[in-house]
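Reviewing the structure listed below.
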Amino acid sequence: MVSSSVLGFPRIGANREVKKAVEAYWAGKLSAEDLGKAAADVRKTNWTNLKERNVDLISSGEFSLYDHVLDHSSAFNVIPKRYVGLGLSALDVFFAMGRGRQADGVDVPACEMKKWFDSNYHYVVPELSEQTDFKLLYNKALQEYNEAKALGVVTRPVVLGPISYLVLGKAAKEASADFQPILLLSKILPVYTQLLSELKAAGVDSVQVDEPVLVLDKAADLDKQYATAYAALVPVAPKIVLTTYFSRLDSNLNFVAKLPVAGLHIDLVRAPAQLDDVLAAIKSTPIVLSLGVVSGRNIWKCDFDAAIKHGQKAIDALGQDRVIIATSSSLLHTPVTLASEKKLTAEQKDWFSFALEKASEVATIAAVLSGSQDAKVAAALEANKVSIAKRREFEHTSDDAVRKRVAAITPEMYNRKSPFATRKNVQAKKLDLPKFPTTTIGSFPQTKEIRNARARLGKGEITEAEYDEFIKKEINLVVRFQEKVGLDLLVHGEPERNDMVQYFGEQLNGFVFTQNGWVQSYGSRYVRPPIIVSDVSRPTPMTVKWSSYAQSITEKPMKGMLSGPVTILNWSFPREDVPRKLQSQQLALALRDEVIDLEAAGIAAIQVDEPAIREGLPLRRSDWDEYLEWAVDTFKLSTAGVTDATQTHSHFCYSDFGDIFPSIQRLDADVISIEFSKSDMKLLQTFQQYGYSNQIGPGVYDIHSPRVPSEQEIRDRLQATLTIIPDHLMFVNPDCGLKTRGWKETETSLANLVAAARWARENA
Ligand code: GLN
Ligand code: ZN
């Protein structure tokens with residue numbers, strides 16, 4: 001029998017129950033006990049749903065109220081000292097680490113967050129040092145296994161493996177200079193030994209141990225550590241299914257195939273070509289192979305024929321009992337269910353599968369491969385054939401005008417008219433900004449009123465004209481505030497945007513969007529990625545109305561605000577029938593028109609955000625050049641249509657740039673703003689080292705937490721920055737948009753930021 005498995009499930013709940021409960025708890029409107037109940041209800045629904053869909057191996061323990069890596073840190077006693085002794089409950093310490101805390105005399109910033117591999121999910125980075133005192137404070141996997149069992153669902157617990165946990169962590173401040181988290185392997189293994197042996201004692205048959213680090217180049221140097229760790233854990237643990245995803249094992253397979261584990265999971269959606277090598281490597285071992293054939297990262301219906309071919313090949317090599325049909329990764333990166341979508345047409349709905357539908361897919365494929373004679377299985381197989389054929393038919397219809405335009409792109413279209421040094425002078429005259437110009441990243445607080453107005457527009461309770469008036473009022477408020485607080489380069493505040501990608505998706509041809517397709521970005525923050533279904537074009541201007549209104553009510557320069565082609569692509573569910581490059585080119589041409597229209601409307605600075613350009617980088621270095629070439633080119637294509645006098649900006653979040661630095665330079669934006677407040681100065685040193693020549697605004701405070709930075713803090717940061725970045729290239733700004741913040745902290749933080757910049761003008 002071929003079994004089916006789901007590697008992890010969205011945590012939010014079909015109606016965002018968990019998000020709402022967590023936020024209510026933070027607001028003091030829900031007790032810890034009721035939060036626990038809300039979470040347990042969602043877990044119960046998820047488990048029962050998966051069981052009803054005949055999934056054999058159902059995940060447990062991977063649920064989280066914030067982030068699963070943070071769950072491990074919290075359970076392993078990896079709690080930085082600054083969160084200890086504050087009189088907080090364990091739950092509040094957990095949240096304080098995730099999002100900082102500033103209340104009742106307690107004032108601690110959040111731990112650093114980082115992108116989870118190449119996804120838009122963020123994990124909380126473990127802080128490790130020689131002093132780390134690993135202890136298993138509680139066994140979350142066991143608790144949830146027991147919880148599910150009591151509900152009649154036998155699950156396969158999930159834990160993040162020891163090597164990946166360490167490698168994803170970072171050296172804490174107090175660590176010595178030559179410390180590396182992996183040096184703690186022998187210290188962390190007892191915790192895993194205890195955790196896994198408790199699972200075994202509880203009767204757990206198999207456990208999913210995630211080691212996604214195995215798909216990275218750097219795992220090649222960790223062969224000994226992997227051998228040591230799994231030699232120690234296998235004897236005490238339930239059957240371990242070593243789980244990799246998001247890319248390929250490549251040469252790491254050499255040592256992975258020798259590990260004494262019971263099973264291995266590989267991602268065949270991202271890396272189908274690895275199947276042959278893996279089969280050859282494990283054929284003569286007892287290892288069970290879990291085939292990730294149903295995408296955990298995209299929402300297109302699985303093509304059963306293709307998946308069955310993979311499955312059959314594995315069965316031919318290993319036999320049915322050594323094959324599992326699985327999702328490629330956790331389904332965390334997909335929305336809960338298509339059943340919540342009422343506005344998609346029947347044709348569109350037929351193209352997609354969300355998490356619950358994907359669960360049915362793995363179960364059906366496994367049943368087919370097991371030789372099931374069940375009529376329902378046969379019907380599902382037939383229905384899939386019909387759906388896929390229809391989708392293929394649709395894919396053949398392309399927008400000729402768009403395709404022709406892409407084919408006609410010329411090399412000049414990628415470059416500005418003059419080099420940066422020339423542009424800088426022309427722009428200085430036009431914009432007349434002071435030294436250390438202050439600006440923000442674009443969005444201002446998305447208040448309840450704004451969300452309500454949008455919801456009411458959606459329900460038809462207010463007219464388009466009334467909504468426009470409301471948005472204008474909001475823009476007014478934001479503009480007046482920025483004038484009052486003394487910012488130099490203003491923004492309109494983006495009140496009209498539900499989300500920086502969805503907003504554009506909704507206005508472009510070629511996209512469809514969901515009503516309830518929420519995907520976790522970090523903590524309680526969820527986004528609703530649009531879906532690119534066909535060729536992309538811009539029927540009408542998307543932002544010009546708002547930016548020019550904002551400019552019309554102030555003497556100060558207004559910065560136009562767009563999301564870049566690579567980011568729109570990365571934060572959407574992309575098509576799978578054409579390359580990402582083509583999709584990005586189409587987006588870039590649409591944005592290029594918008595940029596030119598903004599300039600014509602009198603907007604002298606235009607920011608095209610590319611926060612996702614780094615995250616889209618392939619996990620394997622050998623794939624980087626190809627990606628960077630088209631990613632940088634398409635950004636340039638979108639921005640280079642303007643005159644020298646227009647100042648182009650770009651913004652990046654979590655800017656781990658060291659290794660792609662030449663590409664950041666090649667973007668040739670006049671100003672970039674980067675996330676920096678949570679990383680160390682190393683990032684800036686990289687800029688210095690490479691001699692970055694354009695203007696740069698290193699984020700001087702962390703907007704991901706409600707904490708207010710003092711003026712002194714910002715001054716200190718500015719001063720530190722100025723030892724590295726020449727003063728004439730410096731902008732002063734927060735590290736990201738303010739949409740998730742409240743007005744109160746925004747007002748004080750920005751007042752402190754302006755004061756610090758003024759201080760710098762006098763003193764630095
Ligand atoms: N302009 C966007 C904003 O301010 C940028 C957000 C982002 O980088 N994630 O919200
Ligand atoms: Zn950002």
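The values are calculated or read from the model by the stated rules, or taken from the named source; none is laboratory data. Small disclaimer: the values here were computed from a predicted structure and weren't measured. Cβ sites come from the backbone with ideal geometry, for glycine too, and all protein chains shown count toward neighbours.
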Exercise. Exactly one of (1) touching a residue at least 12 places away in the same chain (Cβ under 8 Å); (2) more than 16 Å from ligand 1 (Cβ to nearest atom) is unmet by Leu598. Its number?
Worked result: (2)
Problem set entry | Test result for Ile703, surrounded by 23 or more Cβ atoms within 10 Å (Cβ to Cβ), within 16 Å of ligand 1 (Cβ to nearest atom) and either basic (Lys, Arg) or on the phi < 0 side of the Ramachandran plot (or both) | yes
Exercise. (1) in contact with a helix residue (DSSP H, G or I) (Cβ under 6 Å, 6 or more places away or on another chain); (2) in a helix (DSSP H, G or I); (3) not aromatic (Phe, Trp, Tyr): which one isn't true of Ile471, the others all being true?
Worked result: (1)
Exercise. Across region 622-662, what is the number of residues that are more than 16 Å from ligand 1 (Cβ to nearest atom) and at pLDDT below 95?
Worked result: 5
Exercise. Residue check: is Leu683 under 17 Å from Ile664 (Cα atoms), surrounded by 15 or more Cβ atoms within 10 Å (Cβ to Cβ) and under 29 Å from the mean Cα position of the chain (by Cα)?
Worked result: yes
For this session: Using the structure shown, decide if Glu675 is more than 14 Å from ligand 1 (Cβ to nearest atom) and acidic (Asp, Glu).
Result: no
For this session: Quick one: count up the residues across region 553-595 that are within 16 Å of ligand 2 (Cβ to nearest atom) and either out of contact with any helix residue (DSSP H, G or I) (no Cβ under 7 Å at 6 or more places or on another chain) or in a strand (DSSP E or B) (or both).
Result: 7
Problem set entry | Residue count, region 333-359 (criterion: assigned to a helix (DSSP H, G or I) and in contact with a Pro (Cβ under 9 Å, 6 or more places away or on another chain)) | 2
Problem set entry | Qualifying positions in region 733-744 - touching a residue at least 40 places away in the same chain (Cβ under 8 Å) and either in a helix (DSSP H, G or I) or within 16 Å of ligand 2 (Cβ to nearest atom) (or both) | Asn733, Pro734, Asp735, Cys736, Gly737, Leu738, Lys739, Thr740, Arg741, Trp743
Problem set entry | Options Thr438, Thr422: the member that is touching a strand residue (DSSP E or B) at 6+ places or on another chain (Cβ under 7 Å), touching a residue at least 60 places away in the same chain (Cβ under 8 Å) and among the polar types (S, T, N, Q) | Thr438
Seminar exercise, completed: When region 427-461 is checked residue by residue, the ones that are among the β-branched types (Val, Ile, Thr), surrounded by 18 or more Cβ atoms within 10 Å (Cβ to Cβ) and under 21 Å from Glu506 (Cβ atoms) are Ile450
Exercise. Within the set of pairs 6 or more residues apart or between chains, which connect a residue that is under 16 Å from Gln688 (Cβ atoms) inside region 647-669 to a residue that is within 16 Å of ligand 2 (Cβ to nearest atom) and in a helix (DSSP H, G or I) with Cβ atoms less than 9 Å apart?
Worked result: Ser655/Ile664; Ser655/Leu683; Phe657/Ile664; Phe657/Leu683; Gly658/Leu683
For this session: Could you please let me know if Ala90 is loosely packed, with under 15 Cβ neighbours inside 10 Å, modelled with pLDDT under 95, within 30 Å of Gln131 (Cα to Cα) and over 26 Å from the mean Cα position of the chain (by Cα)?
Result: no
